[in-house]
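K.L.:
First, the structure itself, so that you have it in front of you.
The values are calculated or read from the model by the stated rules, or taken from the named source; none is laboratory data. Keep in mind it's a predicted model, so treat the numbers as computed, not measured. Because the Cβ atoms are built from the backbone with ideal geometry, glycine has one as well, and the counts that use them run over all protein chains shown.
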Amino acid sequence: MTDTTTPLIELRGITKRFGGVTALNDVSLSILPGEIHCLAGENGSGKSTIIKVISGVYHPDAGEILIDGKPAGTLDPVKSTAAGIQVIYQDFSLFPTLSVAENLTLNSFLREGAAIVDRARGRRMAAEVLERLGVTLPLDAAVETLPTSGRQLVAIARAVLADARLIIMDEPTTALTGREVERLFRITRDLQAHGIAVLFVSHKMREMLDLSERLTVFRNGRKVAEGPIADFDEAAITRAMTGRDLEATRFDTPPRTADAPRIEFRNVSVPGELNDISLSIWPGEVVGVSGLIGSGRTELALTAFGMKPGFSGQILLDGQPVNPRSVDQAIRAGIAYVPEDRLSEGLFLPRSISDNSIAASIGRFVSGPWLDRRAAAQATRDMFDRMAIAAPSPAVPVATLSGGNQQRVVIGRWLMTGAKVLILNGPTVGVDVGSKATIHAIIHRMAREEGLAVLMISDDVPELVANCGRVVTMQHGAITGELQGAALTEDALNDSIRLNPGVTA
């Protein structure tokens with residue numbers, strides 16, 4: 001019988017320094033066999049560092065690690081894995097060109113020291129572990145062809161196949177739809193039923209409250225709160241994570257004073273993607289779009305941004321047809337688009353904040369073959385202050401910033417173009433609660449002061465309800481409903497999405 005009173009892993013007084021920076025300061029943490037334990041904290045709080053200490057990637061400068069109540073000595077990745085500890089990082093660490101079955105079983109064959117891979121046995125092993133998890137995946141499909149949720153399932157199944165006793169999930173719901181999150185939670189509880197502990201690392205408070213049994217909160221490298229999940233609510237978690245109270249704000253929609261909508265879609269269609277879309281957004285207004293992957297929400301954004309040149313119908317700005325057929329036309333018309341994946345689509349990570357900031361408006365600073373560096377630097381400094389970016393200077397690489405500050409750079413870049421319309425696809429994906437509140441406030445200030453029209457696409461229902469005067473729902477490329485005013489509640493929006501479930505990828 002499994003001893004559920006002795007921690008599977010226990011960290012006592014862990015301190016970790018990088019040069020003059022203390023990433024972890026006298027941190028203690030224990031995880032019991034078969035428990036679902038949530039680790040919360042803002043970006044930079046020490047969550048990633050503690051994961052790497054547990055997995056043996058980092059060696060602490062002080063403190064002790066015990067496994068099953070016995071001192072573990074100096075952990076390295078091999079010893080950590082042998083103890084049954086598996087980490088599922090946000091990139092999943094899979095081989096994209098190998099099949100599902102190969103990704104699942106390769107490590108098993110390597111541990112066995114097999115000289116020849118028994119493919120038939122590998123397929124049986126893969127099929128058995130997927131059946132155990134209650135999921136179906138094509139065994140012969142290359143992992144790179146799977147959606148994010150499918151790749152995540154492969155990573156979880158691989159950990160189970162490696163006889164995991166503790167699975168650490170690092171921000172596992174960042175790119176998942178609501179339905180996919182529900183499936184992940186079901187699988188997580190099934191892992192628990194089989195005696196596998198889960199350390200669920202997140203900054204999404206509702207997920208913490210729904211899933212975990214115990215919660216630990218880090219702030220600035222210290223443990224600041226810990227206890228049964230029943231001892232917490234959203235306000236208490238927010239206070240522990242940020243050190244201050246963040247009031248739940250619902251932003252007001254300004255009155256309409258313009259003669260025409262800032263942007264208007266009239267009967268816009270894209271073969272196989274959009275079907276007769278009509279939608280208007282007025283100056284200063286924030287309108288939300290909700291719907292699962294495949295519903296057409298991203299296709300609507302890309303059409304407005306000139307990336308679907310074959311569309312029919314009309315797109316108007318301030319009452320005048322613009323009908324952008326290229327990205328350049330859209331930018332010149334005053335339409336800006338912040339993509340959902342800022343890391344692969346929105347930023348030049350090795351480059352500085354300055355270089356990233358002027359990328360979309362560089363024409364303003366170029367005369368002949370020359371770049372007016374003084375004007376570009378001044379514009380960047382203005383944006384830097386306007387977006388409240390926390391960094392030593394605009395010269396630092398954007399890769400060194402937290403997720404929230406990176407997102408502010410992307411949004412600020414587009415505001416530097418003088419945009420009239422800002423399309424935000426997942427505006428706070430991977431952003432902690434403090435930065436999320438700041439980004440929302442900035443968006444509304446710009447909308448109110450500059451007459452910006454904002455189209456906000458999000459899976460985060462509370463985010464849509466708090467920020468949007470209206471939210472439209474989409475399914476199969478068509479608008480299926482609209483909620484506004486007092487009718488726009490979280491329950492009503494969730495019900496609308498369920499009634500119009502769209503297509504999950």
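K.L.:
Which ones in region 445-462 are surrounded by fewer than 22 Cβ atoms within 10 Å (Cβ to Cβ), closer than 25 Å to G44 by Cβ and touching a residue at least 60 places away in the same chain (Cβ under 8 Å)?
P.N.:
Correct list: P462 only.
K.L.:
Okay, next question. Tell me which residues, restricted to region 192-203, are in contact with a helix residue (DSSP H, G or I) (Cβ under 9 Å, 6 or more places away or on another chain) and more than 28 Å from T428 (Cβ to Cβ).
P.N.:
H194, I196, A197
K.L.:
Would you please name the residue that is nearest to A72 (Cα to Cα), looking only at residues in region 4-60 that are under 26 Å from the mean Cα position of the chain (by Cα) and of a type in the set (D, E)?
P.N.:
Among those that are under 26 Å from the mean Cα position of the chain (by Cα) and of a type in the set (D, E), it is E35.
K.L.:
Give the residues of region 384-438 that are β-branched (V, I, T), under 21 Å from G41 (Cβ atoms) and over 14 Å from the mean Cα position of the chain (by Cα), sorted by residue number.
P.N.:
I389, T400, T438
K.L.:
Take the conditions buried (at least 21 other Cβ atoms within 10 Å of the Cβ) and assigned by TED's automatic domain parsing to the domain that holds E35 and apply them to T216. Does it pass?
P.N.:
Numbers: buried (at least 21 other Cβ atoms within 10 Å of the Cβ): yes; assigned by TED's automatic domain parsing to the domain that holds E35: yes.
So T216 fits the description; yes.
K.L.:
Among the residues of region 352-383, what is the count of those that are in contact with a strand residue (DSSP E or B) (Cβ under 9 Å, 6 or more places away or on another chain), exposed (fewer than 15 other Cβ atoms within 10 Å of the Cβ) and not in a helix (DSSP H, G or I)?
P.N.:
The qualifying residues number 1.
K.L.:
Restricting to region 114-137, count the residues that are charged (D, E, K, R) and surrounded by 17 or more Cβ atoms within 10 Å (Cβ to Cβ). Even if it seems obvious, please write down each step before you answer.
P.N.:
Keep residues of region 114-137 that are charged (D, E, K, R), which gives 118-119, 121, 123-124, 128, 131-132.
This time we only want the ones that are surrounded by 17 or more Cβ atoms within 10 Å (Cβ to Cβ), so: 123.
Matching residues across region 114-137 total 1.
K.L.:
Being touching a helix residue (DSSP H, G or I) at 6+ places or on another chain (Cβ under 8 Å), over 21 Å from H476 (Cβ atoms) and in contact (Cβ under 8 Å) with a residue 24 or more places away in the chain is the requirement here; does I263 meet it?
P.N.:
yes
To keep it simple, each residue is scored yes or no on (1) modelled with pLDDT under 90; (2) of a type outside the set (D, E); (3) in the same structural domain as L211 (by TED's automatic domain parsing).
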position: R121; (1), (2), (3): no, yes, yes
position: R165; (1), (2), (3): no, yes, yes
position: I168; (1), (2), (3): no, yes, yes
position: E171; (1), (2), (3): yes, no, yes
position: A175; (1), (2), (3): yes, yes, yes
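K.L.:
State yes or no: is A388 buried (at least 16 other Cβ atoms within 10 Å of the Cβ) and farther than 30 Å from A487 by Cβ? Outline the logic, then answer.
P.N.:
Working: buried (at least 16 other Cβ atoms within 10 Å of the Cβ): no; farther than 30 Å from A487 by Cβ: yes.
Criteria not met by A388.
K.L.:
Further question: Residues in region 77-91: is at least one surrounded by 14 or more Cβ atoms within 10 Å (Cβ to Cβ) and acidic (D, E)?
P.N.:
The answer is no, given that none of the residues of region 77-91 is surrounded by 14 or more Cβ atoms within 10 Å (Cβ to Cβ) and acidic (D, E).
K.L.:
Which is at pLDDT 90 or above and over 18 Å from T417 (Cα atoms), of P350, P392? It would help to see each step written out before you state the result.
P.N.:
Details: P392 fails: at pLDDT 90 or above.
None of the others qualify; the one that does is P350.
K.L.:
Go through D118, D76 for me and flag whichever is under 30 Å from R12 (Cα atoms) and acidic (D, E). Before you say what the answer is, go through the steps one by one.
P.N.:
On the way: D118 fails: under 30 Å from R12 (Cα atoms).
Only one candidate qualifies: D76.
K.L.:
Test V286 against the stated conditions and say whether it is surrounded by 20 or more Cβ atoms within 10 Å (Cβ to Cβ), among the aliphatic types (A, V, I, L, M), over 18 Å from A330 (Cβ atoms) and in contact with a Lys or Arg (Cβ under 9 Å, 6 or more places away or on another chain).
P.N.:
yes
So that you can scan it fast, the table gives a plain yes or no per residue for (1) in contact with a helix residue (DSSP H, G or I) (Cβ under 7 Å, 6 or more places away or on another chain); (2) under 30 Å from D318 (Cβ atoms); (3) small (G, A, S); (4) touching a residue at least 40 places away in the same chain (Cβ under 8 Å):
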position: L347; (1), (2), (3), (4): yes, no, no, yes
position: G363; (1), (2), (3), (4): no, yes, yes, no
position: W370; (1), (2), (3), (4): no, no, no, no
position: A375; (1), (2), (3), (4): yes, yes, yes, no
position: M383; (1), (2), (3), (4): yes, yes, no, no
position: G418; (1), (2), (3), (4): no, yes, yes, yes
position: T428; (1), (2), (3), (4): yes, yes, no, no
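K.L.:
Here are R413, R448: which of them is out of contact with any Leu (no Cβ under 8 Å at 6 or more places or on another chain), modelled with pLDDT of 90 or more and under 21 Å from S357 (Cα atoms)?
P.N.:
On the way: R448 fails: under 21 Å from S357 (Cα atoms).
Going through R413, R448 in turn, just one is out of contact with any Leu (no Cβ under 8 Å at 6 or more places or on another chain), modelled with pLDDT of 90 or more and under 21 Å from S357 (Cα atoms): R413.
K.L.:
Also, quick follow-up: Go through (1) over 26 Å from T49 (Cβ atoms); (2) charged (D, E, K, R); (3) surrounded by fewer than 19 Cβ atoms within 10 Å (Cβ to Cβ); (4) at pLDDT 90 or above for R111 and report which single condition fails.
P.N.:
Unmet for R111, out of (1) over 26 Å from T49 (Cβ atoms); (2) charged (D, E, K, R); (3) surrounded by fewer than 19 Cβ atoms within 10 Å (Cβ to Cβ); (4) at pLDDT 90 or above: (4).
K.L.:
For L422, which of the numbered conditions (1) surrounded by 23 or more Cβ atoms within 10 Å (Cβ to Cβ); (2) at pLDDT below 90 fails to hold?
P.N.:
All conditions pass for L422, except number (2).
K.L.:
Which one is farthest from P271 (Cα to Cα), of the residues in region 303-327 that are touching a Gly at 6+ places or on another chain (Cβ under 7 Å) and outside any strand (DSSP E or B)?
P.N.:
V327
K.L.:
Among the candidates S280, S312, single out the residue that is touching a residue at least 12 places away in the same chain (Cβ under 8 Å), more than 30 Å from V224 (Cα to Cα) and touching an Asp or Glu at 6+ places or on another chain (Cβ under 6 Å).
P.N.:
On the way: S312 fails: touching an Asp or Glu at 6+ places or on another chain (Cβ under 6 Å).
The unique qualifying residue is S280.
K.L.:
OK, next. Do we find that L94 is at pLDDT 90 or above and either polar (S, T, N, Q) or over 30 Å from R12 (Cα atoms) (or both) in this structure?
P.N.:
Values: at pLDDT 90 or above: yes; either polar (S, T, N, Q) or over 30 Å from R12 (Cα atoms) (or both): yes.
For L94, the condition - at pLDDT 90 or above and either polar (S, T, N, Q) or over 30 Å from R12 (Cα atoms) (or both) - is met.
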